[in-house]
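Asker: Please see the structure below; I have some questions.
The values are calculated or read from the model by the stated rules, or taken from the named source; none is laboratory data. Fair warning: this is a prediction, and the values are worked out from it, not measured in the lab. Glycine also receives a Cβ, built like all others from the backbone with ideal geometry; neighbour counts cover every protein chain displayed. Only protein heavy atoms, including side chains, enter the accessible area calculation; ligands, DNA and RNA are left aside. Shrake-Rupley method; radii C 1.70, N 1.55, O 1.52, S 1.80 Å.
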2 protein chains.
Amino acid sequence: MNFLEERILKDGIVKEGNVLKVDSFLNHQMDVELFNQMGEEFKRRFKGRNINKILTIEASGIGIACVAAIHFGVPVVFAKKSKSINIDGDMYIADVESFTHKCKNQVIVSKKFIGENDHVLLIDDFLANGCALQGLISIVNQAGGTVEGIGIAIEKGFQSGGQIIRNLGYHLESLAIVDSMNAETGEIEFRKQ
Amino acid sequence: MNFLEERILKDGIVKEGNVLKVDSFLNHQMDVELFNQMGEEFKRRFKGRNINKILTIEASGIGIACVAAIHFGVPVVFAKKSKSINIDGDMYIADVESFTHKCKNQVIVSKKFIGENDHVLLIDDFLANGCALQGLISIVNQAGGTVEGIGIAIEKGFQSGGQIIRNLGYHLESLAIVDSMNAETGEIEFRKQ
């Protein structure tokens, strides 16, 4: 069991409806020392990859991405979830729609910050149905850049997002993959990696 | 002139309407090495302060806050700007309204993560009219905690937010204070600190 799986068992809370709450250390309060360990681990898992930029999505991906970026020595770009007046000029826009949740979102990045020479590591806190991630991949592809890898903190292995991304041939590394959870007992089962 | 002022002169773009675009290094693409320098500088400026938590607000404050937090060795909490289904239980809510812009926002933090024993450093990327910051201060006060200081990357010195916060007696440190900008010439004048 790795450091993140241990932390999830210690401080994660399983709720009805396959909800895993990790807001005490990952996505509301943020343990930056843990993020530092995650950054080291991403660096190890993507060793040898030619990465010159990290792309994430607001809001809870930003902290993990920025701390990880220190280990890679590269800048971070964060995608916005809806059109913002703070972005002018041309933008890459990915329309993403959740098959199960019926929600539509736009993922937006200024064209200034992703281009054909970029070798991008995508980072996010959660991967479940994979909508946000599909939007980020679309944006790198629109820009003519290369997705060198995808680093996720927690993947919900019982949802389809991770499998789809792996089927597509991307190098996806999830630091913890939850295969099942039980809200009554609080038990969490991780996939052996 | 300090490292951030130099960077603003190099890569910041002045637009009509007193808009300063710093999206190539601060709030869309993020230079984490610069954030690291900013974190060191905040640590120096708030030396001797008993800080056990950093509070920021989504989205563009999160990266700066997380990298700075490594220097302070404390966790970060980020406030959300509107009610999110990912937060359950009781929340601190600050209703903030811009006097000039007539916009209303809610700043929201779970009660679990700020309490009466917390000595909080507030961090954000921009300070202009100060609405977001007023909301963060309100939340620390609601929680019975202590605002030990406020660290801002760029303050628009020609707007009232910074003066109001200093009038209230808070220890506010802005790494760069822009006193005036000229969209025609691109000139930026910083306040001597």
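Asker: In the range B:130-163, what residues are more than 25 Å from B:D11 (Cβ to Cβ) and part of a strand (DSSP E or B)?
Answerer: B:T146, B:V147, B:E148, B:G149
Asker: Give me the residue from the range B:164-180 that is assigned to a helix (DSSP H, G or I) and among the β-branched types (V, I, T) and, out of that set, least open to solvent (accessible area, probe 1.4 Å). Please lay out each step first, then the result.
Answerer: Start the filter on the range B:164-180 by keeping residues that are assigned to a helix (DSSP H, G or I), which leaves B:164-167.
Keeping just the survivors that are among the β-branched types (V, I, T) gives B:164-165.
Working: B:I164: 68, B:I165: 1 Å².
Among residues in the range B:164-180 that are assigned to a helix (DSSP H, G or I) and among the β-branched types (V, I, T), the one least open to solvent (accessible area, probe 1.4 Å) is B:I165.
Asker: Within the range A:80-93, does at least one residue satisfy the condition of being more than 9 Å from every other protein chain (Cβ to nearest Cβ) and closer than 20 Å to A:L172 by Cβ?
Answerer: no
Asker: Could you check the range A:7-39 and list, in sequence order, the residues that are outside any helix (DSSP H, G or I), out of contact with any Leu (no Cβ under 7 Å at 6 or more places or on another chain) and among the aliphatic types (A, V, I, L, M)?
Answerer: Those that are outside any helix (DSSP H, G or I), out of contact with any Leu (no Cβ under 7 Å at 6 or more places or on another chain) and among the aliphatic types (A, V, I, L, M): A:I13, A:V19, A:L20, A:V22, A:L26, A:M30.
Asker: Of the residues that make up the range B:40-49, is at least one in a strand (DSSP E or B) and at pLDDT 95 or above?
Answerer: The first filter runs over the range B:40-49 and keeps only residues in a strand (DSSP E or B), leaving none.
Scanning the range B:40-49, I find no residue that is in a strand (DSSP E or B) and at pLDDT 95 or above, so the answer is no.
Asker: Let me ask another. Taking the condition of being modelled with pLDDT of 95 or more and open to solvent by 60 Å² or more (accessible area, probe 1.4 Å), how many residues in the range A:135-163 meet it?
Answerer: Total meeting the criteria: 4.
Asker: Only residues in the range B:170-187 that are within 14 Å of B:G12 (Cβ to Cβ) count as the first member; pair them with residues that are open to solvent by 20 Å² or more (accessible area, probe 1.4 Å) and among the polar types (S, T, N, Q), Cβ under 7 angstrom, at least 6 apart or cross-chain, and list the lot.
Answerer: B:L175/B:N2; B:I177/B:Q193; B:M181/B:N18
Asker: For the range A:1-33, give me the residue count where each residue is within 12 Å of chain B (Cβ to nearest Cβ) and surrounded by 19 or more Cβ atoms within 10 Å (Cβ to Cβ).
Answerer: Taking the range A:1-33 first, the residues within 12 Å of chain B (Cβ to nearest Cβ) are A:11, A:13, A:15-17, A:19-33.
Remaining after also requiring surrounded by 19 or more Cβ atoms within 10 Å (Cβ to Cβ): A:20, A:22-32.
The qualifying residues number 12.
Asker: Within the range B:54-71, take every residue that is open to solvent by 30 Å² or more (accessible area, probe 1.4 Å) and more than 12 Å from the chain's Cα centre (by Cα) and give me the one that is nearest to the other protein chains (Cβ to nearest Cβ).
Answerer: Here the answer is B:I70.
Asker: Given the structure, is A:I139 within 30 Å of A:E189 (Cβ to Cβ) and not small (G, A, S)?
Answerer: Details: within 30 Å of A:E189 (Cβ to Cβ): no; not small (G, A, S): yes.
No; evaluated as a whole, the condition is false for this residue.
Asker: Restricting attention to the range A:54-75, report how many residues are within 19 Å of B:N27 (Cβ to Cβ) and either in a helix (DSSP H, G or I) or touching a His at 6+ places or on another chain (Cβ under 7 Å) (or both). Write out each step before concluding.
Answerer: So in the range A:54-75, the residues within 19 Å of B:N27 (Cβ to Cβ) come out as A:54-70, A:74-75.
Still in the list and also either in a helix (DSSP H, G or I) or touching a His at 6+ places or on another chain (Cβ under 7 Å) (or both): A:61-70.
Of the residues in that region, 10 qualify.
Asker: Next up: Just need a number here: residues in the range B:34-53 that are in contact (Cβ under 8 Å) with a residue 60 or more places away in the chain and facing chain A (nearest Cβ under 9 Å). So that I can check it myself, show each step before the final result.
Answerer: If we filter the range B:34-53 for residues that are in contact (Cβ under 8 Å) with a residue 60 or more places away in the chain, which is where we start, we get B:38, B:41-42, B:45-46, B:49-53.
With the extra rule that they be facing chain A (nearest Cβ under 9 Å), the set shrinks to B:53.
Selection size over the range B:34-53: 1.
Asker: Can you confirm whether the range B:107-129 contains a residue that is in a strand (DSSP E or B), at pLDDT below 95 and open to solvent by 10 Å² or more (accessible area, probe 1.4 Å)?
Answerer: no
Asker: Working only within the range A:18-34, note down all residues that are within 21 Å of B:I62 (Cα to Cα) and over 13 Å from the mean Cα position of the chain (by Cα). Walk me through how you get there before you give the answer.
Answerer: First, the residues of the range A:18-34 that are within 21 Å of B:I62 (Cα to Cα): A:21-34.
A:K21, A:V22, A:D23, A:S24, A:F25, A:H28, A:Q29, A:M30, A:D31, A:V32, A:E33, A:L34, listed by residue number.
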